[in-house]
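Have a look at the structure below, then the notes.
The values are calculated or read from the model by the stated rules, or taken from the named source; none is laboratory data. Source: prediction; values computed, not measured. Reconstructed Cβ throughout: ideal geometry from the backbone, glycine too, with neighbour counts over all protein chains shown. All accessible areas refer to the heavy atoms of the entire protein, side chains included, with ligands and DNA or RNA removed. Shrake-Rupley method; radii C 1.70, N 1.55, O 1.52, S 1.80 Å.
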Amino acid sequence: MNEIKLSIDNREITVPQNFTVLQAAERAGVKIPTLCHLQELTPCSGCRICLVEVEGARSLVTACSYPVAAGIKVKTHTERVLKARRLVMELILSDHPLDCMTCEKTGSCKLQDLAYEMGLTGSRIKGEQHHYPLDLSNPFIVRDYNKCILCERCIRICDEIQGSMAIDYAHRGFNTKVSVPYHRSLTESDCVFCGQCVSVCPVGALTERSRMGKGREWEFQKVKTICSYCGVGCTLVLNMKDGEIVRVTSDREAGINHGNMCVKGRFGFDYVHSPDRLTEPLIKENGNFRKASWDEALDRVASGLKKVKEKHGPDAIGVLVSAKCTNEENYLLQKMARAALGTNNVDHCARL
Amino acid sequence: MERLFSIEEVQRLQKTLSEARNPQRLRVRICMTGCRAYGAVEIRDAFKAMIDEKGLTTKVDLLETGCHGFCARAPVVAIDPHGFFYQQISPRDVPQIVQTSLIEGKPVEKLLYTHPQTGEPVALEKDVPFYREQMKIVLRNCGQIDPTRIEDYIARDGYLPLAKVLSSMSPEEVIGEVVRSGLRGRGGAGFPTGNKWKFARNAQGDVKYIICNADEGDPGAFMDRAVLEGDPHTVLEGMLIAAYAIGAPKGYVYVRAEYPIAVTHIKKAVADAKAMGLLGQKILGTHFNFEVKIKEGAGAFVCGEETALIASIEGRRGMPRTRPPFPAIAGLWGKPTNINNVETFANIPPIIHKGGSWYASLGTEKSKGTKIFALAGKINNTGLVEVPMGITLERIIFDIGGGIPGGKKFKAAQTGGPSGGCIPSSLLNLPIDYDSLTAAGAIMGSGGLIITDENTCMVDMAKFFLTFTQSESCGRCVPCRLGTKRMLEILQRITEGTGELSDLETLKELAPMIKDTSLCGLGQTTPNPVLTTLNYFLDEYKAHIEEKRCPAGVCKALIRYQIDPETCTGCGVCRKACPQKAISGKAKEPHTLDQALCIKCAICYNECKFDAIKII
Amino acid sequence: MAEILDLSRLDNLFEEHQGEDGALIPVLQEAQNIYGYLPEEVLRCISQKLKVPLSKIYGVVTFYAQFYLDPRGRHVIKSCQGTACHVRGAKGVLESLIRELKVKPGGTTADLNFSLETVACVGTCFLAPVMMIDKDYHSKLTPKRAVDVLKKYSQKPEREEA
Ligand SMILES: Cc1cc2nc3c(=O)[nH]c(=O)nc-3n(C[C@H](O)[C@H](O)[C@H](O)COP(=O)(O)O)c2cc1C
Ligand code: SF4
Ligand code: SF4
Ligand code: SF4
Ligand code: FES
């Protein structure tokens, strides 16, 4: 890729020519605020928070979408820019509930952070606000569109990365709303509950139902782990409070999944704390289970397998490996099947 | 209709058709587009019957034309070769016209237009002041030909420019000619057309597209409608020439859904041009191919914006997207696309025919050629006018437009529709061109020209435009979705008498910021009507806020209706008409109006024949 | 709704627009011409045939003013609120219609006789203020004349409905 030179806040910088001004600024170490921007999605440029001044341009331009060009001069913190950003923020806040005290998102809300930086407690400009009912119609995602800033991130990720196309804008102008057809529940749509939308919502409009009332963002202990559901090996971040998983998030900078996850990884963690979960080996005798030690249990399995092999031959044994195991574990298991047990009957649940 | 296989064939056909057109032949030209709403169909039928009855069928051509422009006088009819002009006629007048004009060759006095100054009847179309001051280039065929007959178009030099381009000009030369003409886009922004074509020509792409923007969303403008209805082939020919210059094999016409006649006419034009080998594959036997499809809009003003229009053609919500990339680089289906307005395209055939230098000799230094305006509002001669750029507002409004009805005082003119601004009487001498209008805070826009008088409240006007643009905002970006909403709320408060002076400060803070930060042209221009009215009519705002008074007597919350006992004759019309039964009184005695019951519907005010109901 | 929709009436449409890029809006327009509005079953059928997700179709239908999700009245009144009509008193005309019909713009009277709409300019500014009822223009209205005009369209008992 050819490199070009431009100036940002009077500093010269060389960047690849397919960069946006925002990317160039990042490289130059200049911070430009964003709300709707997400590098992996097509820019919608709706929030207008990343406005910058480009010398010669008629109006302000959005850094997140404006392509760099050789020799352009960008100013990111002029009075004109700062005033515009502030007024844009005030407009967003003029249709926002401002109930940060009880909002689940407090502490990780981009809008709140930006308001904090600008020293805004609200908006001087008053007017009509939306009063949509809170949507609790599905077990995973809480939808509160009074908080939605229409950044389009949820729609874009659902379309462009998830491919479910379950949601879109409905209506227009002031009445624009992210919606499933006929404003119904997500359960009546093409939604697969991957929660991708929740993961990118910058505000409290989309939150995990599991976390409702379970604690503040900064109270959560974040434990990075690998999802145990399948062999893809997505990196998850368990959000724990008092030893309990409250929700699962992801990290767009980490792992092979770059923050993307499916319904199982994101919402399928209730089994972890289930009282029905096995914590030690059980042996069934006379129709009833009794606790046993690992040694006893493994001996029992080994002798059982040996007996079957002696009586019926090795092909009487089949081994099912699991998508929940790592590749290494699955490799070892098939090795044991072939080398130790002597059977080629190895299969995998993903084929079923 | 026979297919033409070569450039010579179209030139030959043109010659034959033009020579066959006997200028001395009797012709009745009836507007069948705009005037349709005023009973033009019945008038045509009456002419048909009468001409048959008098045995004139072979001697007289009955021409169903597009708009003649003088809509205020609808329905209008012109008689050739004399050039008689009849206005506001009814089917009952037809026998007399046929007898006196067609048979005896004389004008029917009582149906003529009366000169507003001299009070004398004006017999000839060309002497009517409304027409005399105009210069018709784009509208040269409108009202002169039957727009559904391609032969009519060809007879008047139609498709000769295409033949010229295909036979003797390279694409670059065509673009050079358009650059030389100085033509600027008529869709609103006034971007130089030749340069735009150059970008699209130089853009890389296996397929390129031409789009004709016929969305005409400005509520109060009907220029593009008239051109498409009255002379669709000139638009098509303009598109063909653009397609040749840019190298685009496909094109679309995106027409506003509310224009059924325009849709029918352009569809017929496409079919006919195709049948004659003027459109489609191997046009006139050359290697030039161009196909055109018609797309109807679905009711969204913002779809006039080019990226929204593209989204709409692609079958999506018509939401503008951020530029760059511009459509010339990545437009329809991601391919290089050139979008021009109807009037822009309609200018192309004359430019090619007579040369770019000829065109550049008309108008002003930076605004060349002519511009069509749709005159409407509080003006006598509502209608369509085409004038050279640089003409003053005063001449348009008073010489052509015939001034303000009812002897009222001119207050302001709104150009550019909801994206434009108002121009007060102090600027009546302003030359109408792109740059002067922009300097005055208004814009040229697409050509809507709304005249207001002393009974128009400018705060209400600003509120009206904002209500419109607000409801048409796509909702994508914050300044437009929320900013214009807040501005509108403020204006609502002011017109309801609950505004405060600080509201004006907020407006002044919001308006420039919304212009500077919105994603597309809609948001960027929405504040214009507010800014210009604040600029030129600040007193009126203040009267609403400080005195709780609407000087023009428009804002409902700030006015009351009252019956003047001196003038009231006690006729009782208002009493019977009032839906609230708020008016009482005995016959032939002055009536009274109960303010507590009145909902200010203005019915009584409109019904009273004696102007006894006053606004206070 | 009790009535059963005949979805086969859409077949021709799909054939005509087969393989066409951007067919959604024309198909919706023509479907609305067939059924008078866009019932959910029709949208689902279009979604399937054109392979456009229902969410996108719903987004499009609610974006454009022309599309209706509910049945319309027998007569459609379009009260023009364009600029020329506005300065000549279109708002009073509209208010008077609202009072008379007891519906808001966008609504349909309970007897399904009238749907009331506003439109931003029908392009006949010289007739201002104008309203269209179905295909007829009614011009130079006053609040009272507008209501008087409605009488011509008042519901007549229609035989085929019995
Ligand atoms: C909100 C909005 C509405 C517009 N409406 C129209 C329209 O109705 N007709 C039109 O030709 N251009 C319209 N335009 C301008 C177009 O985006 C575009 O600039 C124009 O069609 C280019 O053609 P031109 O270069 O021939 O003027 C509109 C622009 C905006 C921002
Ligand atoms: S959960 Fe996944 S499929 Fe459902 S709306 Fe969100 S992103 Fe789309
Ligand atoms: S729900 Fe969240 S992600 Fe979706 S548009 Fe609203 S704020 Fe953005
Ligand atoms: S300015 Fe208005 S119409 Fe344009 S993109 Fe923004 S919200 Fe949409
Ligand atoms: S981050 Fe650039 S417009 Fe939202």
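Tell me the label-point distance for the pair residue A:175, residue A:305, using the 7 Å Cα-to-Cβ offset, in nm and rounded to one decimal. Result: 6.7 nm between the two label points.
Shown here: the protein assembly as shown, whose C-alpha atoms stretch 124, 79, 77 Å along the first, second and third principal axes, sorted largest to smallest.
Average projection, convex hull of the Cα set of chain C: 11.0 square nanometres. If you average the C-alpha positions of segment B:209-264 and of segment B:273-320 separately, how far apart do those two centres end up, in angstrom? After rounding, the separation between the Cα centres reads 9 Å.
Could you work out the relative contact order of chain A, using alpha carbon pairs under 8 angstrom and six or more residues apart, expressed as a whole percent? Please list the in-between numbers first.
Values: 570 pairs, mean separation 36.8, N = 352.
It rounds to 10 percent for chain A.
Take the Cβ atoms of residue A:333 and residue A:18, set R0 to 45 Å, and the FRET efficiency comes out at 0.45.
Tell me, what is the FRET efficiency for residue B:492 and residue A:209 to the nearest 0.05, using R0 = 41 angstrom and their Cβ-Cβ distance as r? That pair, residue B:492 with residue A:209, gives E of 0.55. Bridge orientation summary for chain A: considering DSSP beta bridges with both residues in this region, about 85 percent are antiparallel. The modelled label-to-label distance for the pair residue A:126/residue A:9, using points 7 Å beyond Cα in the direction of Cβ, is 3.7 nm. In this structure, the residue pairs whose Cα-Cα separation is over 19 Å, taken from B:371/C:78; B:15/B:164; A:105/A:214, are B:371/C:78. Using the Cβ-Cβ distance between residue B:21 and residue B:268 with R0 set to 25 Å, the FRET efficiency from 1/(1 + (r/R0)^6) comes to roughly 0.75. Overall size of segment A:313-352 from C-alpha positions, given as principal axis extents largest first: 29, 21, 9 Å. Take residue C:41: with every protein chain present and a 1.4 Å probe, its accessible area is about 90 Å². Rg and Dmax of segment A:95-245, based on Cα coordinates, read 16.4, 53 Å. For the pair residue B:275 and residue A:323, label points projected 7 Å from Cα toward Cβ lie 6.2 nm apart. Largest accessible area first, the residues B:237, A:12 order themselves as A:12, B:237 under a 1.4 Å probe with ligands, DNA and RNA left out. Volume of the convex hull of segment A:263-343 (Cα atoms only), normalised per residue: 143 Å³.
How would segment B:458-503 be classified by its alpha-carbon gyration tensor: rounded, prolate or oblate, with rounded meaning a/c under 1.5 and the a/b versus b/c comparison settling the rest? Oblate, because a/c is 1.5 or more while a/b does not exceed b/c. Counting only protein chain heavy atoms and rolling a 1.4 Å probe, the accessible areas of C:75, B:544, A:183 rank, largest first, as A:183, C:75, B:544. Place a label point 7 angstrom from the Cα of residue A:40 along the Cα-to-Cβ direction, then list the residues of segment B:291-334 whose backbone nitrogen is under 17 Å away. Counting backbone N atoms under 17 Å from the label point, the list is empty. Across segment C:75-155, the volume of the C-alpha convex hull divided among the residues equals 71 Å³ per residue.
Be a star and scan segment B:548-589 for residues whose amide nitrogen sits under 20 Å from the point 7 Å along the Cα-to-Cβ vector of residue C:102. So the set is B:578-582. Cross-link pairs exceeding 23 Å in C-alpha to C-alpha distance, out of B:126/C:135; A:75/A:177; B:408/C:91, comprise B:126/C:135; A:75/A:177. Direction-averaged projected area, Cα convex hull, segment B:150-360: 10.6 nm², rounded to one decimal. Across the alpha-carbon set of chain B, the Rg to Rh ratio works out to 1.00, Rh being the Kirkwood radius.
By DSSP, what percent of the beta bridges with both residues in chain B are antiparallel, rounded to the nearest 5?
Numbers: 34 of 61 bridges.
Given both bridge residues lie in chain B, the antiparallel proportion sits at roughly 55 percent.
How much length, in nm to one decimal, is gained on full extension between residue B:126 and residue B:439, taken as 0.36 nm per residue of separation minus their Cα-Cα distance?
Details: separation 313, 0.36 × 313 = 112.68 nm, distance 3.47 nm.
Once the chain is fully extended between residue B:126 and residue B:439, it gains 109.2 nm.
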